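Contents: one structure, followed by commentary.
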Amino acid sequence: MKNDSVRTNGFRLKHIFQAQYGLIWVALLMVAVFAVSSDVFRTAGNLLEILRQSGILAIMAIGLTWIVATGEIDVSFADIAAFTGIVTAVLLKAGFSWGVTFISATLLGTVFGVISGSLVVYFKFPALIATLAVSGIAKSLASLMGKGAVIHITKAGGLVYQLVYGNVFGIPLLFIVTLFIYLVCRYMQDRTTTGQHLYALGENRQATQEAGIKEGKILMSLFILSALLASIGGILLTATISSGNPKIGASYFLDGLTVVFLGAMIIKAGQPNVIGTLIGVIILSTLGNGLTLLGEYFFVGNIVKGLLLVFGVVVVTFTRYKNRIDGQYSVA
Amino acid sequence: MEALKLKMQGIVKEFPGVKALDGVDFELKPSEVHALLGINGAGKSTLIKILSGVYQKDAGSIYLDDHRIEIKNAQDAIKQGIATVYQDPQMISTFTGYENIYLGSESEGKGIFSRINRKKLQEKAEKLLERFPVDIDLTKPVIELSAIEKEIIAVLRALSKDMSVLVLDEPTSILTETETEVLFSLIRLLKERGVSIIYITHRLKEIYQIADRLTVFKDGKNVATLNTNDGGSDNHMAIAELMLGKKLDQIYPQKGKNPGKEIFSVRDLSLNGVFQDVNFSVRKGEIVGIFGLVGSGAEELSKVLFGVIPKTSGAFKLNSREIRVRSSTEAIDQGIFLIPGDRRQEGQISDEPVFFNVSLSNLKKISGLSSLIHRRTENLSVQKLVDQVKVVPRDIHQNVSALSGGNQQKVVISKGLFSDAEVYIFAEPTVGVDVGSKTGIYNLIRELSNEKGIIIISSDCEEVYGMCDQAMVLYKGAVAMHTDVHECRLEEMLLCGVTGGGKSDR
Amino acid sequence: MTDKKRPIISDTLKSIAIFMMMIALIIIVFSLIEDKFLTTRNLKMMLRHMSISAVTALGLTYVIILGHYDMSFYMVGCFAAMTTSYLNKTDIMMDSFMIGSIHSFVIPAVLAGIAVGCAWGLISGIAVGLFKMNDMVTTIGTGFIAFGTAYLYSKGSFIYDNFLTSGITEINNAQWFHVPFPIILMVGLYLISYLILSRSKFGRNFYATGSNRIAAIFSGVRVVPYIIIAFVICSGLTSLAAIMTTSAQGVGNVKASINFLMPAYAAVYIGISVFKKATVIGTFFGALFTSVMLNGFTLMAMPFYLSDLIIAVSLIIAILLSKIDWTSIQKKNPIPDSGTEMAYEK
């Protein structure tokens, strides 16, 4: 669509064209390898499972997508999810209903976002330090509530069961819910002022300030939003695995960052965006699923994800370099 | 009496140590293009900054459409209908033209999640183009646009806010000839539509092409306002004289008498797209000056000479030996030092003390085999230099940020001296330096020239004329004049810098 | 120009004084609550544990001085620890001889571990310094690659072989003049780093690059090599710390240094809040502070998983405190910023 900026139409810049398509070829190749090597992989059931599992990571990573687009970082989202997961388990075990649990856990998790946002915006902490500290607090509190152990709950019944395990016309409901959330977020990203301004902020802080846009408001909203969505992700995870695990932080952390950068490569010419993140999640989940089925050791995942992440950063760096106004010589 | 669009009366603006505007009057008629002309420090930029809300005036009054107004800050200026477009306007390169035009005002709503209707924005932009028809594709991302197109976007952005007064600050410094023509047609269009334009430039030819009137600034005062239809290039010299005036309140040290042997020479130096074929040589006892205004390539030349920007072609010779200058480290090793034009960003490390700044250029001089710094030696040698150049206060342990501009510059010069260089390049040596310190610095430079090679690159032609024995004028990247300073008049030099000496340019 | 000498010096001294008082206060409180706190035995143990986090934080200091971040070091350490453990286990015992109470092959094993750690640091350093890639995310990537690769040594299981016999535990157990070796390592490395960063020409270049990179370039400093070296040192020192931990635990564990991230940043940033910039001494104080806190709480039977909480809260409080302008009088009469408003533009 010629109306859209480079963000929604990544085909203009040639080198991104290559990287973008390169990744898709790699993904297709990967799928082909898995499909050939594993019978289970090929089944519709398995593919649907991939979609189902994608949902949680996808929801957790939305906030991170925008924060990275702004040029900041949030390393706490995964630990906030762990925290809300435990809170969910604790509340359920104490007899509260899912409704109450959901709201309470979400609220508590969002508090972390308020803390991070305040530290960064009002107290001028570097985002890394602020979110690092918050993640430590969240992780510790999560462990505290379960005395360091995993808390098991009875498998969810009724509505929640449907949400987590049910299918609608064969497609996992969880994934549909995720898609819905993504469409809402995509709307926010592309059709609201905040979405527009956060990209402006990430690209040229000075121009954004000169335009009178208040960056503090934007950053604060993003940190809160990230915590909110991460909280929801954590609650859904607990529902899915029927337990609260305080240690999930590390793995979801790497996954989240990787999908954001993969997504940045794919659609918006090197800028993080939600649809790209969703695609990144699906690619990553496929990868994880395939590797598991092939009996590959779990740690290979770390290596592969790390490589993907670095690759994503290389591409994004290269894009940013190209986006600087050409014809100007700079010193450093 | 014709109604005036804008009237500024008795504007005074002082900074510590200097009176930038000394009771300035300025008038702008409706739908006119009024050019502002003046050398460095004459006050034109300060006046504009007051108008755009960046500075606050100390005294005087401003009338817009005969109403007295106060401009408290940048947002205020915009609310009043005064927009300013600076050189190289800041934009979001991945956004389209229309997105940049409406950045910050995309929707009516105030909330965080106010809707943006891109189609509507586009239509708005199209309507804007109907009022100001320019050939530009607003749906292309700004990064794909040329320099003139980016300027047009910046102007459109101003226009979208219903401006009645538009200030253009050196708009053509980054434009080619053809692009300048495009800008001019836009300006004529704006005139027709009732916009009043203040156009700051140093390029006399352009003023006569596009402006209705021009005002010359000198020493913080409005010296003359002329109509541009009174004769053509005969007037240029008269205007140059107006800009410079007869009194030289800056006393420059005596010039060199007997230049000695050649210390440093530059042959066929070029930087693609910025400047080409620069040739000169510096001898002991003489100072070589290069006068170039904004967009002439002078600033980049200073950096190329120091190795901080790699040259496209050319050769350097130091003491008859060909040398390579591929980095600042190599330059210093070879014996070349640059006192850079942007002191805060490039010249000094503000949060560190004086001694830290000074010794940085030659740490091996004060550290032995162990690489540990001999503090006593450092203190002694730095203090010696600092006293030699007369930094006040002379405490070398205070932070550089605490010093006045002139003293900060002396610290940077000390850093150069500490490196025991053979060739010193001064870029804009007295920008941000109070009048009192200027003399000191000039004397320093002249003394230094007795033993070392000195090059001064400046946009202040008085300075180049007053200080240098040999002078070159850069205009749009080409050497427009290369002469012995005795053999030319100051006005001729200035004229060359503002017109290119009549040569056709790129 | 007003006399600017006195505020800056006394500002830092004030911070130091406040900080020392806080540490003293904490020590007093702990010793009152737990009488075991002030015993030689406990202090020795505390200093031992401190050595490990302090050495890591020291490495990180180099990177922070430059204005960069490293998120890989704690994972690179794991790789280094496993490398050493693996080399320690392999049967080179045939040709070994004894050096004191350790077999000779222990030394190359340890050195190899540090070397591979440095190699990872080199990769990160080149990516960030030469290719200008984003430091945070790139190092997260390289870190996880290193961590994943660490699993290759033993598929993630512990390595026990030769630990008790090779003498590798001597790194932790040896005592020189009654001082445990890890503490000697820590003190030695801090002294060397102090000399480098605060007393040598390299240190000047480091700080110059971190304070104003462009001005440093204009002063002839080669910034890219310094960036690379900083990352190498960070990963290298952390690798050493990871090996020290491995020696202390007596087993090769792939998660050896996985918890080193938070304490390292806390130590450096607590140091910054006292000294206004990253320094060797500041980091030492920061590490001391966090170690005292952890030690005290551990004595009070605080569960291990709360350690991050303690450290995180300490970090936040320290930074918040530092941002309070103790000399608030200064703020009411801001000195005009010389050098900007004076500039007459062209």
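The values are calculated or read from the model by the stated rules, or taken from the named source; none is laboratory data. As the structure is a computational prediction, the values presented were derived from the model and not from experiment. Cβ sites come from the backbone with ideal geometry, for glycine too, and all protein chains shown count toward neighbours.
Checking the conditions here, which among C:Ile184, C:Ile159 is touching a strand residue (DSSP E or B) at 6+ places or on another chain (Cβ under 7 Å) and at pLDDT below 90?
C:Ile159
Go through (1) out of contact with any Gly (no Cβ under 9 Å at 6 or more places or on another chain); (2) within 23 Å of B:Pro16 (Cα to Cα); (3) surrounded by 17 or more Cβ atoms within 10 Å (Cβ to Cβ) for B:Asp351 and report which single condition fails.
(3) is the only condition that B:Asp351 fails.
For the list (1) more than 14 Å from chain A (Cβ to nearest Cβ); (2) out of contact with any Asp or Glu (no Cβ under 9 Å at 6 or more places or on another chain), I need the number of the one condition that B:Gly43 fails.
(2)
Inside the stretch A:24-109, counting only helices (runs of 4 or more DSSP H) that do not spill past its ends, which hold 3 or more residues that are surrounded by 22 or more Cβ atoms within 10 Å (Cβ to Cβ)?
A:44-69, A:77-93
Which members of the stretch B:367-385 meet the condition of being more than 8 Å from chain C (Cβ to nearest Cβ), among the aliphatic types (A, V, I, L, M) and within 23 Å of B:Ser328 (Cα to Cα)?
Hits for the stretch B:367-385 are B:Val382, B:Leu385.
Mind listing whichever residues of the stretch C:31-87 are out of contact with any Ser or Thr (no Cβ under 7 Å at 6 or more places or on another chain), surrounded by fewer than 18 Cβ atoms within 10 Å (Cβ to Cβ) and outside any helix (DSSP H, G or I)?
Result: C:Asp35, C:Lys36, C:Thr39, C:Gly67.
When you look at B:Thr84, is it among the polar types (S, T, N, Q), in contact (Cβ under 8 Å) with a residue 60 or more places away in the chain and closer than 30 Å to B:Tyr208 by Cα, yes or no?
yes
Within the stretch B:301-345, can you find the residues that are more than 19 Å from B:Asp420 (Cβ to Cβ) and within 21 Å of the chain's Cα centre (by Cα)?
Within the stretch B:301-345, B:Leu301, B:Ser302, B:Lys303, B:Val304, B:Val308, B:Ile309, B:Gly341, B:Asp342, B:Arg343, B:Arg344, B:Gln345 meet the criteria.
What is the residue count in the stretch A:187-203 for residues that are facing chain B (nearest Cβ under 7 Å) and either crowded, with 23+ Cβ neighbours inside 10 Å or within 18 Å of B:Glu108 (Cα to Cα) (or both)?
7
Please determine, by comparing only the residues of the stretch A:114-148 that are facing another protein chain (nearest Cβ under 7 Å), buried (at least 22 other Cβ atoms within 10 Å of the Cβ) and in contact (Cβ under 8 Å) with a residue 60 or more places away in the chain, which one is nearest to C:Ser314 (Cα to Cα).
Per the criteria, the residue is A:Lys139.
Any idea which of A:Leu159, A:Leu163 is assigned to a helix (DSSP H, G or I), loosely packed, with under 14 Cβ neighbours inside 10 Å and away from chain C (no Cβ under 11 Å)?
A:Leu159 is the lone residue from the list that is assigned to a helix (DSSP H, G or I), loosely packed, with under 14 Cβ neighbours inside 10 Å and away from chain C (no Cβ under 11 Å).
Just for helices (runs of 4 or more DSSP H) wholly inside the stretch B:396-506: which have at least 3 residues that are among the aliphatic types (A, V, I, L, M) and under 27 Å from B:Leu37 (Cβ atoms)?
In the stretch B:396-506, B:490-499 are the helices (runs of 4 or more DSSP H) which contain 3 or more residues that are among the aliphatic types (A, V, I, L, M) and under 27 Å from B:Leu37 (Cβ atoms).
Kindly check whether there is at least one residue in the stretch B:444-452 that is surrounded by fewer than 24 Cβ atoms within 10 Å (Cβ to Cβ), modelled with pLDDT of 90 or more and more than 20 Å from B:Val386 (Cβ to Cβ).
The answer is yes, given that some residue of the stretch B:444-452 is surrounded by fewer than 24 Cβ atoms within 10 Å (Cβ to Cβ), modelled with pLDDT of 90 or more and more than 20 Å from B:Val386 (Cβ to Cβ).
Just one of the numbered conditions (1) more than 11 Å from every other protein chain (Cβ to nearest Cβ); (2) touching a residue at least 60 places away in the same chain (Cβ under 8 Å); (3) part of a helix (DSSP H, G or I) is not true of B:Glu149; which one?
(2)
Could you tell me how many of the residues in the stretch C:207-235 are hydroxyl-bearing (Ser, Thr, Tyr) and either assigned to a loop (DSSP other than H, G, I, E, B) or more than 25 Å from the chain's Cα centre (by Cα) (or both)?
1
Which ones in the stretch A:249-266 are more than 13 Å from the chain's Cα centre (by Cα) and surrounded by 24 or more Cβ atoms within 10 Å (Cβ to Cβ)?
Selection gives A:Met265, A:Ile266.
Among the listed residues A:Phe318, A:Phe299, which satisfies the condition of being within 7 Å of another protein chain (Cβ to nearest Cβ), at pLDDT below 85, in a helix (DSSP H, G or I) and surrounded by fewer than 24 Cβ atoms within 10 Å (Cβ to Cβ)?
Only one candidate passes the filter, namely A:Phe299.
Within the stretch B:104-127, which residues are part of a loop (DSSP other than H, G, I, E, B) and in contact (Cβ under 8 Å) with a residue 24 or more places away in the chain?
Scanning the stretch B:104-127 gives a single hit, B:Ser105.
Would you point out which residue out of C:Ile270, C:Ile281, C:Ile258 is in a helix (DSSP H, G or I), within 14 Å of chain A (Cβ to nearest Cβ) and at pLDDT 90 or above?
C:Ile270
State all residues of the stretch C:139-160 that are among the β-branched types (Val, Ile, Thr) and either touching an Asp or Glu at 6+ places or on another chain (Cβ under 6 Å) or facing another protein chain (nearest Cβ under 8 Å) (or both); if no residue qualifies, say none.
C:Thr139, C:Ile140, C:Thr142, C:Ile145, C:Thr149, listed by residue number.
Which members of the stretch C:29-70 meet the condition of being hydrophobic (A, V, I, L, M, F, W, C) and in contact with a Cys (Cβ under 7 Å, 6 or more places away or on another chain)?
Answer for the stretch C:29-70, where residues must be hydrophobic (A, V, I, L, M, F, W, C) and in contact with a Cys (Cβ under 7 Å, 6 or more places away or on another chain): C:Leu60, C:Val63.
Which one is surrounded by the fewest Cβ atoms within 10 Å (Cβ to Cβ), of the residues in the stretch B:392-416 that are farther than 19 Å from B:Val288 by Cβ and aliphatic (A, V, I, L, M)?
Among those residues, the one meeting the criterion is B:Val392.
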